[in-house]
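Read the structure below first, then the notes.
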Amino acid sequence: MAKQAKGKGKKSGVKKVGPLPVHPRRLVSTKNTSLPISVFDNVMKQVDEACVQLKLDPNLQEFLKMPRRSSIAYLPVQMDDGSHRMFPAYRVQHSIARGPAKGGIRYHPGVTLDEVQALASWMTFKSAVVNIPFGGGKGGIQCDPTKLSRGELERLTRRYVADLMNVFGPELDVPAPDVGTGPQVMAWFMDTYSMREGHPSPAVVTGKPTSMGGSLGRTEATGRGVMISTREAAKHLGLDLATATASVQGFGNVGSISARLLHELGVKFTHVSDVTGAVYNPDGIDIDGLSEYVTRTGSVLGYQGTTQIKPEEVLTAKVDILIPAALESVITDKNARRIKCKIIAEGANGPTTPGADKILNKKGIMVIPDILCNAGGVTVSYFEWVQNRIGYFWSEDEVNRRLEEKMVAAFGDVLAMSLEHEVSMRIAAFMVAIERLIEVVQLRGIYG
Ligand code: GLU
């Protein structure tokens, strides 16, 4: 733990009741499947650890963990060659206690219900960490968007909205982009929902193009949030960003924008990877140049002045800051011992397994947990939803100023919790979120 001593948690304002029970059988188990890791189990472990620190009522603990509703659909889509294909699709609402379910839609071949339930749960805690009035949700379609034509993607998206129409709504469940989706998919989403409702309904989805109700600053928001939380962590540790080095795993929206914004603060990126491979330049990679190159060629490989390295080296590089900005469970108990950085800034959701967390804490690496580090995206999604509902739009400076305020406050809350209870930043982030969530759950009571 960075600048954090080990020890028992101190008292908090949350109700305390007896020892924790053994879990009832979980709603989702991957025991009998071929999946190597249940990502949802990982979230449960994180929540359990925070609940132990908070000495939380065990009944509330179970209530906190189980997703409210999981919807599964198989979407028939007509392909360009005239054939039909069925795509498994999901939408999970983990919680609507603090507000409408909020969270992206992922298009990826590896999407499973287990993964979507985990991602939906993280959204609940993420929204609470940055203290915005949302719950948590997530959607996903098992598909490879890079192998679908524009027409196929449009038909897939419209069918998804049509089949799950009754779970969405500006007051109920508000999707956004995630891995494999972006503003165009959100535009089709908004259009399909609006046509079926009979009137424009921009607040049903965020991350839309700015010409149709999207917020300025939304595209950059997740990366900007990663930059802000990394900057705050560096300040706390006394690390000078002007002389710091970094590596980034994943060079999509989050990885490339956080790298660009940190680069502007003086950080030198020596290692970068994407799905196609990894590159290295000890003198620092020109991030703007690389972004243009990737847009043009679709890969980081072959960029001027770099040499190709093994993707794994990006995680284990001797740098000050490591930004995992791709998918979950990439830092595990297998490679965590070889990680040498001072700060891990989790641009991705769930990149570190609970086993790896323990190792990283022992090594004194400060992990800025996903539910804090990448919360800039959902924060500006909230701003977009607010702007849609009031029908008035803010300037980009206004959006960025409000984002800065929210991220700095959330980082401060989590750091204070971490120092007070002598726990890792991850457990502290869950504790901050759970206290906020439980307060509302107790005030509202259980209906029925
Ligand atoms: N998919 C993003 C996330 O994981 C954004 C969610 C949103 O804006 O609702 O945080």
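The values are calculated or read from the model by the stated rules, or taken from the named source; none is laboratory data. Note that this is a predicted model, so its numbers are computed, not measured. Virtual Cβ from ideal backbone geometry, glycine too; neighbours counted across all protein chains shown.
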Exercise. Just for the stretch 93-116: of the residues that are away from the ligand (no atom under 12 Å from the Cβ), within 17 Å of K65 (Cα to Cα) and not acidic (D, E), which one is surrounded by the most Cβ atoms within 10 Å (Cβ to Cβ)?
Worked result: H94
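I need a count of the residues in the stretch 186-211 that are in a helix (DSSP H, G or I) and either out of contact with any Pro (no Cβ under 7 Å at 6 or more places or on another chain) or not aliphatic (A, V, I, L, M) (or both).
Restricting attention to the stretch 186-211, the residues satisfying the condition of being in a helix (DSSP H, G or I) are 186-197, 202-204, 210-211.
Cutting the leftovers down to either out of contact with any Pro (no Cβ under 7 Å at 6 or more places or on another chain) or not aliphatic (A, V, I, L, M) (or both) gives us 188-189, 191-197, 202, 210-211.
Total meeting the criteria: 12.
Table: residues versus (1) crowded, with 19+ Cβ neighbours inside 10 Å; (2) modelled with pLDDT under 95; (3) away from the ligand (no atom under 11 Å from the Cβ); (4) outside any loop (DSSP other than H, G, I, E, B).
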site	(1), (2), (3), (4)
A120	yes, no, no, yes
T124	yes, no, yes, yes
A128	yes, no, yes, yes
G151	no, no, yes, yes
Exercise. Which condition does S194 not pass, out of (1) away from the ligand (no atom under 14 Å from the Cβ); (2) under 17 Å from the mean Cα position of the chain (by Cα); (3) of a type in the set (S, T, Y), if it passes all the others?
Worked result: (2)
Exercise. Taking into account only those residues within the stretch 427-448 that are crowded, with 24+ Cβ neighbours inside 10 Å and touching a Phe, Trp or Tyr at 6+ places or on another chain (Cβ under 8 Å), which is nearest to N42 (Cα to Cα)?
Worked result: F430
Exercise. Among the residues of the stretch 198-249, how many are of a type in the set (K, R), farther than 22 Å from G104 by Cα and buried (at least 17 other Cβ atoms within 10 Å of the Cβ)?
Worked result: 1
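Has the stretch 49-69 got any residue that is of a type in the set (V, I, T), closer than 30 Å to Q442 by Cα, touching a residue at least 24 places away in the same chain (Cβ under 8 Å) and touching a strand residue (DSSP E or B) at 6+ places or on another chain (Cβ under 9 Å)?
Taking the stretch 49-69 first, the residues of a type in the set (V, I, T) are 52.
Restricting the remaining residues to those that are closer than 30 Å to Q442 by Cα gives 52.
Restricting the remaining residues to those that are touching a residue at least 24 places away in the same chain (Cβ under 8 Å) gives 52.
Narrowing further to those that are touching a strand residue (DSSP E or B) at 6+ places or on another chain (Cβ under 9 Å): none.
Among the residues of the stretch 49-69, not one is of a type in the set (V, I, T), closer than 30 Å to Q442 by Cα, touching a residue at least 24 places away in the same chain (Cβ under 8 Å) and touching a strand residue (DSSP E or B) at 6+ places or on another chain (Cβ under 9 Å), which makes the answer no.
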For this session: Could you tell me whether any residue of the stretch 73-92 is at pLDDT below 95 and touching a helix residue (DSSP H, G or I) at 6+ places or on another chain (Cβ under 8 Å)?
Result: no
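Closer than 30 Å to A410 by Cα and assigned to a helix (DSSP H, G or I): does that describe S70? Break it down stepwise before answering.
Numbers: closer than 30 Å to A410 by Cα: yes; assigned to a helix (DSSP H, G or I): no.
So S70 fails the test.
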Exercise. Quick one: is I390 modelled with pLDDT of 95 or more and within 20 Å of V267 (Cβ to Cβ)?
Worked result: no
Exercise. Going through the stretch 90-118 one residue at a time, which ones are within 20 Å of P183 (Cβ to Cβ) and part of a strand (DSSP E or B)?
Worked result: R91, K102, I105, R106, Y107, H108
For this session: Could you look through the stretch 166-185, keep only residues that are more than 21 Å from S95 (Cβ to Cβ) and assigned to a helix (DSSP H, G or I), and pick out the one that is farthest from the ligand (Cβ to nearest atom)?
Result: Q184
Exercise. Here are some residues: N361, N349, N374. Which one is within 12 Å of the ligand (Cβ to nearest atom) and in contact with a Ser or Thr (Cβ under 6 Å, 6 or more places away or on another chain)?
Worked result: N374
Exercise. So which residues in the stretch 154-184 are of a type outside the set (D, E) and closer than 23 Å to G250 by Cα?
Worked result: P175, A176, P177, V179, G180, T181, G182, P183, Q184
Problem set entry | strands (runs of 3 or more DSSP E) (entirely within the stretch 275-387) containing at least 3 residues that are aromatic (F, W, Y), farther than 24 Å from H263 by Cα and free of Cβ contacts under 8 Å to residues at least 40 places away in the same chain | none
Problem set entry | Criterion: farther than 22 Å from I321 by Cβ and within 19 Å of the chain's Cα centre (by Cα) - qualifying residue of V367, V386, V378 | V378
Exercise. Given (1) within 16 Å of the ligand (Cβ to nearest atom); (2) in a helix (DSSP H, G or I), where does L216 come up short, assuming only one miss?
Worked result: (2)
